[in-house]
Amino acid sequence: MCEAHILVIPFPAQGHVIPLMKLSHQLVKHGIKVTFVNIDFVHNQIMKSSLGEGVADHNNNKDAMIELVSIPDRLEDGDNRNLLLGKLTESTCKVMPKKLEMLIEDINKSNNNNNNNGNKISCLVIDENFGWGIEVAKKMGIRAVAFWPASASLLALHFNIQKLIDDGLIVANDGENSHPFFYI
């Protein structure tokens, strides 16, 4: 029997992890196995919190429907990831694509060795902020979908910023309050 096995990858920031964890719990209710991938720092925080209840750390329960795994972000342990968002984003874009490929290969190889083909990764659910994840999925021949954890209106704004700039509704803030709408 071929079961779906979805790999979920949130952006490591407030407001991204919990919505994808809630989605993962809904997927599990439909019999779908989920592997939830975080950076090491966030993974350790989850394992210490109540959010980690009802899920399994990669090292302690291979039969759990949500398996938590982590990959490094290459920042130092003492770095404040909330204050160093630019550095975190740059680091994750450099490090995570290759680490993600390796993780998928390891999971799929492990399932091959156990004659458990139904648990190979069949789809990636990737935070929209990790667009590189779609490219990894394409390269590996795996289906992928982008997830936007914020409101639909913010997503519409995100996709139309260039048009708003071109139409003059958003202008660069040059210190003058010459436009009544938005300044960037």
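Just one of (1) open to solvent by less than 50 Å² (accessible area, probe 1.4 Å); (2) at pLDDT below 95; (3) of a type outside the set (Lys, Arg) trips up Ile142, so point out which.
(2)
Table: residues versus (1) modelled with pLDDT of 95 or more; (2) farther than 17 Å from Ile66 by Cα; (3) open to solvent by 20 Å² or more (accessible area, probe 1.4 Å).
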site: Cys93; (1), (2), (3): no, yes, yes
site: Met96; (1), (2), (3): no, yes, no
site: Lys99; (1), (2), (3): no, yes, yes
site: Lys109; (1), (2), (3): no, yes, yes
site: Asn112; (1), (2), (3): no, yes, yes
site: Asn116; (1), (2), (3): no, no, yes
site: Lys120; (1), (2), (3): no, no, yes
site: Cys123; (1), (2), (3): yes, no, yes
site: Asn129; (1), (2), (3): no, yes, yes
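Within segment 47-76, how many residues are at pLDDT 75 or above, in contact with an Asp or Glu (Cβ under 9 Å, 6 or more places away or on another chain) and aliphatic (A, V, I, L, M)?
4
The values are calculated or read from the model by the stated rules, or taken from the named source; none is laboratory data. Everything numeric here is computed off the predicted structure, so don't read it as measured data. Reconstructed Cβ throughout: ideal geometry from the backbone, glycine too, with neighbour counts over all protein chains shown. Note: accessible area is taken over every heavy atom of the protein model, side chains too, but ligands, DNA and RNA are not part of it. Shrake-Rupley method; radii C 1.70, N 1.55, O 1.52, S 1.80 Å.
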